[in-house]
1. State which residue pairs qualify: first residue more than 14 Å from residue 41 (Cα to Cα) and inside segment 96-111, second residue of a type in the set (D, E, K, R) and surrounded by fewer than 19 Cβ atoms within 10 Å (Cβ to Cβ) in any location, beta carbons under 7 Å apart, and separation of 6 or more residues or different chains.
2. So in segment 48-60, with the set limited to residues that are touching a helix residue (DSSP H, G or I) at 6+ places or on another chain (Cβ under 9 Å) and not in a strand (DSSP E or B), which one is nearest to residue 13 (Cα to Cα)?
3. Filter segment 130-139 down to the residues that are in a loop (DSSP other than H, G, I, E, B) and under 14 Å from residue 216 (Cβ atoms) and list them by number.
4. Regarding residue 45, is this residue modelled with pLDDT of 95 or more, over 22 Å from residue 217 (Cα atoms), in a loop (DSSP other than H, G, I, E, B) and polar (S, T, N, Q)?
5. Of all residues in segment 211-235 being touching a Gly at 6+ places or on another chain (Cβ under 9 Å) and small (Gly, Ala, Ser), which is surrounded by the fewest Cβ atoms within 10 Å (Cβ to Cβ)?
6. Inside segment 163-173, can you point out the residues that are aliphatic (A, V, I, L, M), closer than 14 Å to residue 193 by Cβ and part of a strand (DSSP E or B)?
7. For segment 107-131, how many residues meet the condition of being over 21 Å from residue 319 (Cβ atoms), surrounded by 17 or more Cβ atoms within 10 Å (Cβ to Cβ) and in contact with a helix residue (DSSP H, G or I) (Cβ under 8 Å, 6 or more places away or on another chain)?
8. Any chance you could count how many residues in segment 68-99 are of a type in the set (A, V, I, L, M) and either over 26 Å from the mean Cα position of the chain (by Cα) or farther than 16 Å from residue 51 by Cα (or both)?
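The values are calculated or read from the model by the stated rules, or taken from the named source; none is laboratory data. Model, not experiment: these values are computed from the prediction. With ideal geometry, Cβ positions are generated from the backbone for all residues, glycine too; neighbour counts draw on all protein chains shown.
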Amino acid sequence: MDLLFVADPLESFKPYKDSSFAMMREAAARGHRLMACEPKDLRWQRGEPVVGFVRDLTLTGSTGPDWFSAAQQAPDERPQALKDVGAVLMRKDPPFDSEYFYATHLLEQAEREGARVFNSPRALRDHPEKLSILEFPQHIGPTLVTRDAADIRRFHAEHHDIILKPLDGMGGMGIFRVGPDGLNLGSITETLNQGGATSVMVQKYLPEIAQGDKRILIIGGVPVPFCLARIPQGSEIRGNLAAGGKGVAQPLSDADRRIAEHLGPILAARGLLLVGADVIGDCLTEINVTSPTCFAEITEQTGFPVAKTFVDALEAAVLAAPASNTRPGA
């Protein structure tokens, strides 16, 4: 079948560790045809189906800058109606800004026309990656979301050692730790909440971060049996690979599995085929749904075929949801 990846520019991929590339390589090995576009290439015009101006891809077998060849080059992409594609994979990295938001609306219209989109555009909107953990309080540590500086001061007075972060950050960007002395709490709060205009997430500091911020992949509602513990290096408190963390694959702990097995069926039923749950110690800290990663690292270190498992689930999901122009709202 034809697979359309809605993603960042192909030229920005790092194939040796890119999970979208791992998906593409596995799909191509099975004979699926590959296309790609960026969110900016989506178009919806009155009386016409949603189209993407796509590039037809061939993988070269390289993991260097020449990893693909394309039949079309910008600005000469060809228009492709999304409803006529076997599956559309929304793999655009955060930030989840207004343009990402608008793209989900175009993709949802394509769904009404019969397109099969993974992850579901509505589910992407309904599950902000930091906020959505609050739906599962039994799995998280003390957490507060607020714009109010006094609320943050009270939270610090109660828990003494805290983490503050923006709701729209990625890759560890904008994360601050404030210890018992409260040093710079006011300044950090002002920076993050922009004088009360922006909401901030505040959490009790979890010392288990020293053993890693674990990325647990959940595919089709079922957890991959290995996670990637992203371990902070040196004096850094962030384990994110983008912030210099060291990725170490390891089997799921009993707590990891309990969290993943609880979340998996719930999120899959909402249209989230692929989820990346982040866990520190025994506490859920994020639910990543936009473009979860770590396929390559887990497969290289454990031999577990993450991309194969994902494409198996994708094929099954497509068969379970045949294209139709009579979906609700069509």
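1. 96/168; 101/125; 108/122; 111/327
2. 50
3. Once the filter is applied, which keeps residues that are in a loop (DSSP other than H, G, I, E, B) and under 14 Å from residue 216 (Cβ atoms), segment 130-139 yields only 136.
4. yes
5. Per the criteria, the residue is 234.
6. Within segment 163-173, just 164 meets the criteria.
7. 3
8. Qualifying residue count for the region: 3.
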